[in-house]
Amino acid sequence: ALAYAMQRRMARSVASVGALAATFRDHVPTTPATPAVREIAEVSDALIEASRDLRENEARFRGVFDSSVMGFSIFDATTDETLAINDHFLAMTGHNRADFDEGRWNWRSFTPHEFLPQDEEAIRQAKEQGWW
């Protein structure tokens, strides 16, 4: 979950830098005259490519995450907060997007009592080890 949040922040940063790099690149001569300008042009090209790759990966992730076949949620074990959830998972739990957006969705409220200890243990392990 934390990785997802970090990926989202990085995606926005790289996209912003990529846009700036593209603006810069438009003003660089086809054959830059000095090594410094050539290096800046190469970095600019790399940033533009990274920004493009990130947008493509984001689109693929969105396509999978927004699936109407499977429920997905992204949970931050350190804050005990659900960061993102798709509509299919909400429907599976008897909720809708407004419930989630307004804070009326909590995984503990619909988790069968007999599974709570197992889920709590997984969260404890994630906090301590970073995975479960």
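Report the local net charge at Glu114: Lys and Arg +1, Asp and Glu -1, summed over other residues whose C-beta lies under 15 Å from its C-beta.
Summing Lys and Arg as +1 and Asp and Glu as -1 gives -2.
Under Stokes-Einstein, with the Kirkwood radius over Cα pairs standing in for Rh, what whole-number D in µm²/s applies to the range 53-132 at 10 °C and 1.306 mPa s?
Approximately 114 µm²/s, per Stokes-Einstein.
Could you work out how much longer the chain between Asp87 and Leu116 gets when fully extended? Use 0.36 nm per residue separation minus the Cα distance between them, nm to one decimal.
Extra length from Asp87 to Leu116 when fully extended: 8.2 nm.
Given H placed 1.01 Å from N in the peptide plane, which residues other than close sequence neighbours of Ala84 have an amide H under 5 Å from its amide H?
Ile74
Round to the nearest 0.05 the FRET efficiency obtained for Glu42 and Val64 when R0 = 41 Å and r is the Cβ-Cβ distance.
E between Glu42 and Val64, to the nearest 0.05, is 0.80.
What accessible area per residue comes out for the range 23-132, rounded to a whole number of Å², with a 1.4 Å probe?
69 Å²
How charged is the neighbourhood of Leu90? Take every other residue with its Cβ under 13 Å from the Cβ of Leu90, and add Lys/Arg as +1 and Asp/Glu as -1.
Net local charge, Leu90 excluded: -3.
The values are calculated or read from the model by the stated rules, or taken from the named source; none is laboratory data. Quantities reported herein were computed from a predicted structural model and do not represent experimental measurements. As a convention, Cβ positions derive from the backbone with ideal geometry for all residues, glycine included, and neighbour counts pool all protein chains shown. Side chains included, ligands, DNA and RNA excluded: accessible areas come from the protein's heavy atoms. Shrake-Rupley method; radii C 1.70, N 1.55, O 1.52, S 1.80 Å.
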